[in-house]
Amino acid sequence: MSDTIFAKIIRKEIPADILYQDDLVTAFRDINPQAPSHILIVPNKPIATAADVTEEDEAALGRLFTVARKLAEADGLDQGYRLIVNCKEHGHQEVFHLHMHLLGGRPLGPMLASSQGG
Ligand code: AMP
């Protein structure tokens with residue numbers, strides 16, 4: 001698959017505000033924050049989308065949640081937060097390297113901005 005901007009951030013080839021990195025995942029602040037805290041947590045392995053995960057990815061995908069919890073605590077998000085994984089076109093995914101958004105620091109409102117149901 002083609003390289004993405006997140007792969008370059010993981011390899012530290014381009015700058016980012018990296019908050020955490022281990023053998024499985026990397027976390028950095030979103031360059032265009034949608035909330036006071038907006039952190040991206042990504043597997044180091046370049047999985048394109050949530051539709052591409054396999055059982056062998058379970059350790060890294062589980063690590064996304066434990067790192068999200070630690071970073072939420074570090075950012076003082078004790079009133080709660082939202083974790084989002086966008087998938088492909090209908091999910092409005094823009095970067096095709098699977099990532100979890102951690103958003104918090106203000107009330108985030110209902111889950112979807114659009115009132116169009118169905
Ligand atoms: P998604 O729509 O789920 O693919 O989200 C992609 C996210 O990546 C957006 O929130 C962007 O603001 C963010 N983003 C794109 N480029 C960078 C970058 N160089 N550093 C940090 N965040 C980025």
Single residue of G105, G80, G76, G118 found to be farther than 26 Å from R11 by Cβ and modelled with pLDDT under 95: G118
Can you list the strands (runs of 3 or more DSSP E) lying wholly within segment 20-118 that have 1 or more residues being among the β-branched types (V, I, T) and within 15 Å of the ligand (Cβ to nearest atom)? 25-29, 37-43, 81-84
Tell me whether segment 77-96 contains one or more residues that are more than 27 Å from A113 (Cα to Cα), over 13 Å from the mean Cα position of the chain (by Cα) and either among the charged types (D, E, K, R) or open to solvent by less than 60 Å² (accessible area, probe 1.4 Å) (or both). no
Could you look through segment 9-42, keep only residues that are closer than 20 Å to R106 by Cα and of a type in the set (D, E, K, R), and pick out the one that is least open to solvent (accessible area, probe 1.4 Å)? D30
Looking at (1) open to solvent by less than 50 Å² (accessible area, probe 1.4 Å); (2) more than 28 Å from P110 (Cβ to Cβ); (3) in contact with a helix residue (DSSP H, G or I) (Cβ under 7 Å, 6 or more places away or on another chain), find the lone condition where K45 falls short. (1)
Could you identify the single residue in R106, R69 that is at negative phi, basic (K, R) and touching a residue at least 12 places away in the same chain (Cβ under 8 Å)? R106
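The values are calculated or read from the model by the stated rules, or taken from the named source; none is laboratory data. Note that this is a predicted model, so its numbers are computed, not measured. Positions of Cβ are generated from backbone atoms using ideal geometry, with glycine treated the same way; all protein chains shown enter the neighbour counts. The protein model used for the area step is the full one, side chains on, heavy atoms only, and it has no ligands, DNA or RNA in it. Shrake-Rupley method; radii C 1.70, N 1.55, O 1.52, S 1.80 Å.
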